[in-house]
Every structure is written in structure tokens, then in C-alpha cells.
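Each remark here refers to the structure printed beneath this line.
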Amino acid sequence: MSSRAMIVAAQPEAAEAGAKVLMEGGNAVDAAICTALVQGTVDPQMCGIAGFGNCQIMMPSKGVHTCIDFHGKTPFSANENMWEDLIISETRDGFGFVLEGNVNDLGYQSVTTPGSLKAYHEAVTDFGTWDWSDIIKPAIKQAEEGFIIRPHVDFFWNYGADYGRVGVEERLKFSKTGREAYFNTSGNLKRIGDRVKILGMDETLKKIAKFGPDIFYKGEIAEKISEDMLANGGLMSYSDLSSYATTRTNPLSSKYRDFDIYANHPPGGGVMLLEMLNVLENFNLRDMTHNSSEYIRIVSETMKRATLDKEMFVGDPLFIDVPLEKLLSKEYASEVSNKIKKNERTFINRVTQIESTNTTHVSVIDKEGNCVTMTHSLGMPSGVITDGLGFMFNGCMAVFDPRPGRAGSIAPGKSRFSSLAPTIVTKDGNPHIVLGAPGGTQIAMGILQAIINVIDFDMTMLEAVSVPRFSSTSNIIDVTNRIPNYVTLELEKQDYEVIRSPLTFGVAAVHGIRVKNGLLDGGADPGHDGVALSI
């Protein structure tokens, strides 16, 4: 391992804050959490202290390798029948429902009990080296100054509404604080280059710096949140906040060629990633032309099988018996690959499936070889900002199935499946790739292609995250616009339906670090605003 360190994140201010921590002697955990807190102040619809996520930490010298899962949990007052009579339709992407009054998608009933702040603090307390108050200082400073709207933030605000969901502008104007922060004096949504300062964000962070997460989950802030929820018909209460707990697990693991792959447990998306790698291990991808029609066919069929298995078998393991042994077995992977080799197809009865993409990621390796990869999110943001607090709450109730008796049905304390899949790849016990991505249902698909790009095609991390990607989570193959038409024409001749995105980038936004011959190289997905910084 080189003496250098590296951090990659989706927002430059956040990456810079984490880089400074590394420069000043903090470890990878200190840097990752500092970055995450700043991310929540400069891109507050993508993540924040009232969100959810998963963090994988690997500290080889200390024998530490663990995942902290902090998915949002359904409030105790919820029940599986409460929205059954409000169904208007399923969203066009098949991931969520349109209900009367959009009660599950916008406003107080859409909020699940958040885990982000608790997880941030636990990571620092158990694995960091800096004081909590010092780690949060850059976020406080950023909140005091506000942030400049960057291209991807503007893109999400103006083009982030899709598939029947409430538009992002409606979410931004839902609260009094949002109307004052995100709109100009003419009542129009602010644009690229404008500054946004959110009233109350800095004071909230100062209190959290002084008193820790207890003030959010059991103290003054918790009381204010619960009063606001009660006054506005929210589901979440003080008891939900005060009883919230994260989950610690050993990472899920599998081998791909000569590499060990480590990802997260359900309700996260690691199982999908590992299943797909197991299947693709049975193909000699290196001898194929990258992104050729045959390559796309094989990988797309693999994606469809993993998607179908996820739909049938994967959910919150506290409520559903997930057959991990079967899904991750090499024998099952061999069966699937043999069907693909025979040109047998998997069919999914859906137009497409693209979960909301408002999520962000940070990958870090420090000079000691400690690694952190963390994906954190608000889901589709609820629009709710309690007066005086500044931060927006997650809107994760929107993804639950309002129909009783199903894997994704509502239940008190339940977490809904998400595709978050922060991943670490090692070779001979040493870190080789540390990566992850925002991008909803496309997260595993983006990470999959980046890993293959590095391992099978010997790309640098920047190359791996920059080459065009594709996805198939339905009977359609979605491709970004830099994949040539002559490639997709061959797929169409085989009766595949191909939909070409007008965007040149897409299918998650992968951010990662590669270690090769003791040297680090990083890549921040060019489709977002981020940066890779070497220290």
C-alpha cells in the first residue's frame, strides 16, 4: 500500500472536507463521516441526517471488517392495511404506488424513522480517531455559508420528477423553510450558480456537535420533531426516534475469479451484485469486445435474473426469510449461466424499474489502508422540514406496497428493500477496489459494470466509471447514448427491445478507488458533480 490516501465523493465541497481530514491525520472513517455531513448541507435532497444508508468499514491492521446498516424503519403507528383503499395506480417504473393525496410520497406520512445521524456517530465513536465535534465543524461552516447550486443539483430539481411521483419542485416548496431557501424573491426555483442558505441548518448541527445524536433521537430535537409530526398527521413519533437502532453485520462475501467481493446484507442490494458476479464468472468476458452486442446480451440477461430473484425473495430479513445460500451458490449461478449460453431469456412483466436516484456516495482509503465505502440517501425526499431545524426528512414510505400480504407490504419497524450496495474488493487479503454508487435500482448494475471493467478489462477507476453503461431490470435493455446504434441494432435483430437514453451518462453514478501495485487511482462519475482527491 502506498503512503498516499484518496477520497472520492459526488460533491466537491464534501470531498474537499474529507481530504482535509486525511491531511490533518484523521483516518478513513473520520474523513468519510465528515464528508457525509457536508454532503447533507450542499446537496440536501440527496442525503442528510434524517436519511438512511449502509456503510462498510475495513481496517486490516485492526482486524475490523463490518457493515453498519441504517435503513429507515416504518413507524410503529403504521399498519399494512392503512393505505389499501387509497391506491390509484402503481408508478410506471413498478417501484412504488400513486395514492390519493400522495400521502405516501409527499409530506408527513411519507417519513420513515431515520438512521443516518446515529450511524455517523457510531462509526466515529467505534472506528474513528477524531472527536465528534471536530468532524462536524466543516458541515457547520458550510451550513452557515450556504451552498452554490451545481449542475447535477439543478438537473435533479428540474428533471427529477418521473413515473407518476410528485415533482421535485413540489417537494422543495412543501415547507415554509423550503420556500424561503430554494426559491428567489420572484417565486421561481433558484438555478445554477445561485446560493442557497437553509434557515436553521447551522444551529441544528451546532447542537448535534455539542450533545451528539441523543439530542436528535431522545432530546430537544426529537421532541420538536415529534410535536411537528403529531400536529401534521405524521406517522413517526418520539418513541420511534428514541428506540431506533442500527444493525451491525459481517459483510456478505463471494469470490469472482481471483478476487473476494464484500457487500452488504438485505435489505440492501449486495445480494444482487454478488449473484450477478457469480453468474458472469462462467463467461470469458475478457475475450469479448467491451460493450459489444453479445457482451450486453449476456450481462443484461444476468441483470434480469438477479432482478427477478430480488423481486421474489429479497426483503427485510427481520420479516422475510431470504434464501441467501441458494441465491449466492455457485451451483445456482452455473444453472443460470447455462441458460444464458443457450439463449434462454428471463422475462419480467414490467415496463421498467428505476428507483429514485436521489442518493449519494463516498469512498475513502487512508494511508494505513483503512477503507470506507458508504451510500446514504433520503429516498425521494418527503419535502418536510420542521420549522427551525433546516434538514429535510426522507420519504421512504413511498416505496412500500400498500397491498397487504406481500413481501414489500407495510409493517411496523420494517425496512423496505433498497439497492444500496457499498462494496469492497480484495485480492490476497489486500484492498483492490473500494466503490459504490447512487442511482436507485440501477446501483448494483452500475457497480457490477465498474468491477468488471477493472478486473476483466484492466481499466483504471476513472476509465471504469466513465465508459458508457447499460441496464436491464425488465424486458427492456436501457442504454446510454454513447453506446453505438450499430451495437444495439444487433440486439434488436434478436427481438430485444432497446430504449436509448438521451443522456450520455447514467445507470447509477459510480464513485470508486482502485489500488494497483501499491498506487491509488480514483474516479468520480462524470455524470455528477464530484471529484477524486489524492492526498
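For the pair the range 460-504 and the range 1-53, the centres of their Cα atoms are 32 angstrom apart. Summary of the geometry: the range 240-305 and the range 100-132, compared by the centres of their Cα atoms, lie 26 Å apart.
Projected over all directions and averaged, the alpha-carbon convex hull of the range 298-350 occupies 4.0 nm². Computing FRET efficiency as 1/(1 + (r/R0)^6) for residue 218 and residue 428, where r is the C-beta to C-beta distance and R0 is 41 Å, gives about 0.35. Dividing the helix sum by the residues of the chain, where each DSSP H run of 4 or more adds -39500 (n - 2.57), gives a mean residue ellipticity at 222 nm of -10000 deg cm²/dmol. The length gained on full extension between residue 329 and residue 180, counted as 0.36 nm times the residue separation minus their Cα-Cα distance, comes to 48.3 nm. Please work out whether the range 431-485 counts as rounded, prolate or oblate from its C-alpha gyration tensor, where a ≥ b ≥ c are the square roots of the eigenvalues and a/c under 1.5 means rounded, while otherwise a/b larger than b/c means prolate and anything else oblate? Judged from the Cα gyration tensor, the range 431-485 comes out oblate (a/c at least 1.5, b/c at or above a/b). Global size of the chain: 21.6, 63 Å for Rg and Dmax (C-alpha atoms, Rg to one decimal, Dmax whole).
Restricting the calculation to alpha carbons of the range 1-65 gives Rg and Dmax of 12.6, 36 angstrom. Counting protein heavy atoms only, the chain has 49 percent of its accessible area on carbon and sulfur, 1.4 angstrom probe. Extension gain for residue 86 to residue 133 (0.36 nm times residue separation, less C-alpha to C-alpha distance): 12.4 nm. Each of residue 238 and residue 250 was given a label point 7 Å from its Cα along the Cα-to-Cβ line. The distance between the two points is 4.1 nm.
Helices that extend 24 Å or more along their long axis by alpha-carbon positions and average at least -1.0 on the Kyte-Doolittle scale are, among the DSSP H runs of the chain, 293-313. Our analysis of the range 82-158 gives Rg over Rh at 1.14, with the two radii drawn from alpha carbon positions and Rh computed by the Kirkwood formula. Using the Stokes-Einstein relation with a Kirkwood hydrodynamic radius computed over Cα pairs, the translational diffusion coefficient of the range 183-239 at 20 °C and a viscosity of 1.002 mPa s comes to 157 µm²/s. The packing ranking, built from the mean of other Cβ atoms within 10 Å per residue, places the peptides 235-243, 382-390, 41-49 in the order 41-49, 382-390, 235-243, highest first. With the Cα gyration tensor of the range 402-495 giving a ≥ b ≥ c as the square roots of its eigenvalues, does the rule (a/c under 1.5 for rounded; else a/b larger than b/c for prolate; else oblate) give rounded, prolate or oblate? The shape class here is oblate.
Each of residue 339 and residue 460 was given a label point 7 Å from its Cα along the Cα-to-Cβ line. The distance between the two points is 4.1 nm. Taking R0 as 25 Å, what FRET efficiency do you get between residue 231 and residue 125 from their Cβ-Cβ distance, rounded to the nearest 0.05? Result of the calculation: an efficiency of 0.15.
Place a point 7 Å from Cα of residue 260 in the direction of its Cβ. Which residues in the range 410-429 have their backbone N less than 11 Å from it? In the range 410-429, the label zone of residue 260 (backbone N under 11 Å from the point 7 Å along Cα→Cβ) covers 425-429. Normalised by 2.2 N^0.38 Å, with N the number of residues, the alpha-carbon radius of gyration of the range 210-260 equals 1.88.
Evaluated at q = 0.11, 0.19, 0.22 Å⁻¹, the base-10 log of the normalised Debye intensity for the range 1-148, with identical point scatterers placed on the Cα atoms, takes the values -0.54, -1.12, -1.36.
In the distance distribution for the range 26-93, Cα-Cα pairs more than 16 Å apart total 68 percent.
The number of Lys pairs in the range 188-270 with C-alpha atoms less than 17 Å apart, excluding pairs fewer than 8 positions apart on the same chain, is 6. Over every Cα atom in the range 287-431, the radius of gyration and the widest Cα-Cα span, Dmax, amount to 19.2, 61 Å.
Spin-label model, residue 155 to residue 199: label points 7 Å out along the Cα-to-beta-carbon direction sit 3.2 nm apart. Most tightly packed first, judged by the mean number of other beta-carbon atoms within 10 Å of their residues, the peptides 56-69, 435-448 read 435-448, 56-69. Per-residue accessible area (protein heavy atoms, 1.4 Å probe) orders 488, 125 as 125, 488, starting from the largest. In terms of its C-alpha gyration tensor, the range 95-208 has an oblate overall shape, because the principal axis ratio a/c (a ≥ b ≥ c, square roots of the eigenvalues) is not below 1.5 and a/b does not outweigh b/c.
Solvent-accessible surface of the range 429-511, taken per residue with a 1.4 Å probe and all protein chains present: 31 Å². Its Cα gyration tensor gives the range 471-535 an equivalent ellipsoid, and the semi-axes of that ellipsoid, as √(5λ) in whole Å with the largest first, are 32, 13, 10. In plain terms, the C-alpha convex hull of the range 161-305 casts an average shadow of 15.0 nm² when viewed from every direction. For the range 264-334, the alpha carbon positions stretch 43, 19, 18 Å along the principal axes, listed from largest to smallest. Residues in the range 9-85 average 26 Å² of solvent-accessible surface per residue, probe 1.4 Å, ligands and nucleic acids excluded. What you get for the range 52-130, charging only the Cβ of Lys and Arg (+1) and of Asp and Glu (-1), is a dipole of about 500 debye around the Cα centre.
The values are calculated or read from the model by the stated rules, or taken from the named source; none is laboratory data. Here the structure is a predicted model, which is why all the values come from computation and not from measurement. All Cβ positions, even for glycine, are placed from backbone atoms using ideal geometry, and neighbour counts span all protein chains on display. To get the accessible areas, we keep the full protein, side chains included, count just its heavy atoms, and leave off ligands, DNA and RNA. Shrake-Rupley method; radii C 1.70, N 1.55, O 1.52, S 1.80 Å.
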